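A short write-up of the structure that comes next.
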Amino acid sequence: MSAPTILERLEILADAAKYDASCASSGTAKRNSTGGKGVGSTEGMGICHAYAPDGRCISLLKILLTNHCVFDCHYCINRKSSNVRRARFTPQDVVDLTLSFYRRNYIEGLFLSSGIVKSSNHTMEQLVEVARILREEHDFRGYIHLKTIPDADPELVAQAGLFADRLSINVELPTVAGLTRLAPDKSAQRIETAMGEVKGEIIDNKDARKRYRSAPRFAPAGQSTQMIVGADAASDADIVGKSSRLYGAFGLRRVYYSAFSPIPDASAVLPLKRPPLIREHRLYQSDWLMRFYGYAADEVVQATDASGMLPLDIDPKLAWALRFRERFPVDVNRAPREALLRVPGLGVRAVDAILRGRRHRTLQLDDVARLTVSIAKLRPFLIAADWRPLALIDSANLRDRLNPRRAEQLELFAA
Ligand code: SF4
């Protein structure tokens, strides 16, 4: 049988990478090649060429170096015991593909991960080599996100951070019990140790750059991680608690949530059905509440039901407001920023516009309406110069009034 062509390998290794959601180019250093210096840019848009299983479009060349793997994680299509077609690239293959895709303006950068071949160190060396050749031999200035191998030598991870914009280490599952059961070759302790090492390098690098402006940058877009949702019994409360801890302990830029997708030839220990995609969406919303709206993790957990699950039919901010109605209504002309951020339907930008606007005049309901998609959702929760909700906030059917759609309808998105 003839060896697969580069296109055949690309087809296999791009498809194998689609289960990884953890890529976004936010927060990186600004570099560009205007003036004919170097190749590529972290600014501007490329064409999205990588797709997550739910169809989300990602504007990076997202591939695996290889889908051969010596590990046997049950949820992974590339695990050792899977019957999937295998392929591998050399580092030079990935460099050539990245540059040719970039020059055609198909992509704005590279997201590179890999199955583990031979050893963690061997695999990590190959990943680092791709980034090194791109940066040092081609002066590539586009975005590079490298997935790092937790068991690899910290020295290799330190090298990776000198070439990549972002490093990520997948925490994989929200609980140690889930990881032990579904990824028996991986160690929760080792994963968190590796995250701590990356955090240490980032802090040291910031310190060095304060003292020496010429010090090379280390992973300027920080580190991120990904958690699989719905492959084990972890509740949303477990996931929110884990994320909060990871943000606090390791200074992560992002935690990505990836709804478990049943894979062909799946292991018997996995659920047969994927969780509703709306669950993944609710977790992203709760993540935003913690990062931008001032909610502590235990406050988000207060929005969950007795089994620790967030409601699917309403967003977590509204669920929290309905549970703590005594905190409302909030006066748009007097309330502090923190209280306004708790009003369902008011985003960060709208709150900041309210704070600016009320310096000059007393705000009416119409002024707030101009800042939001739907004033109906806000009415019970706020007071304006010409509006007071009276008993609306206490009405028994407020939840139904604010949410005429039923959870079953939302399930339509979970096909
Ligand atoms: S280490 Fe586990 S998750 Fe990663 S490619 Fe191998 S089997 Fe898949």
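Among GLU129, GLU137, GLU172, GLU192, which is open to solvent by 10 Å² or more (accessible area, probe 1.4 Å), within 16 Å of the ligand (Cβ to nearest atom) and of a type in the set (Asp, Glu)?
Values: GLU129 fails: within 16 Å of the ligand (Cβ to nearest atom); GLU137 fails: within 16 Å of the ligand (Cβ to nearest atom); GLU192 fails: within 16 Å of the ligand (Cβ to nearest atom).
The conditions single out GLU172.
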Q: Mind listing just one residue for me: the one in the range 299-310 that is in contact (Cβ under 8 Å) with a residue 40 or more places away in the chain and open to solvent by 20 Å² or more (accessible area, probe 1.4 Å) and, of those, nearest to ARG342 (Cα to Cα)?
A: VAL301
Q: Could you check the range 108-173 for strands (runs of 3 or more DSSP E) lying wholly inside it with 3 or more residues that are modelled with pLDDT under 95?
A: 109-113, 143-147
**Q.** Count of residues meeting criterion [surrounded by 18 or more Cβ atoms within 10 Å (Cβ to Cβ) and within 7 Å of the ligand (Cβ to nearest atom)] in the range 72-92
**A.** 4
Q: Starting from the range 62-84, take each residue that is hydroxyl-bearing (Ser, Thr, Tyr) and list its partners that are near the ligand (Cβ under 9 Å from one of its atoms), counting only C-beta distances under 6 angstrom and pairs at least six apart or across chains.
A: THR66/SER114; THR66/GLY115; SER81/ASP72
Q | In the range 318-340, the residues that are part of a loop (DSSP other than H, G, I, E, B), free of Cβ contacts under 8 Å to residues at least 60 places away in the same chain and open to solvent by less than 30 Å² (accessible area, probe 1.4 Å) | A | VAL332, ALA335
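The values are calculated or read from the model by the stated rules, or taken from the named source; none is laboratory data. Note that this is a predicted model, so its numbers are computed, not measured. Neighbour counts run over all protein chains shown; Cβ positions are idealised from the backbone, glycine included. In case anyone asks, the SASA skips ligands and DNA or RNA and just uses the protein heavy atoms, side chains included. Shrake-Rupley method; radii C 1.70, N 1.55, O 1.52, S 1.80 Å.
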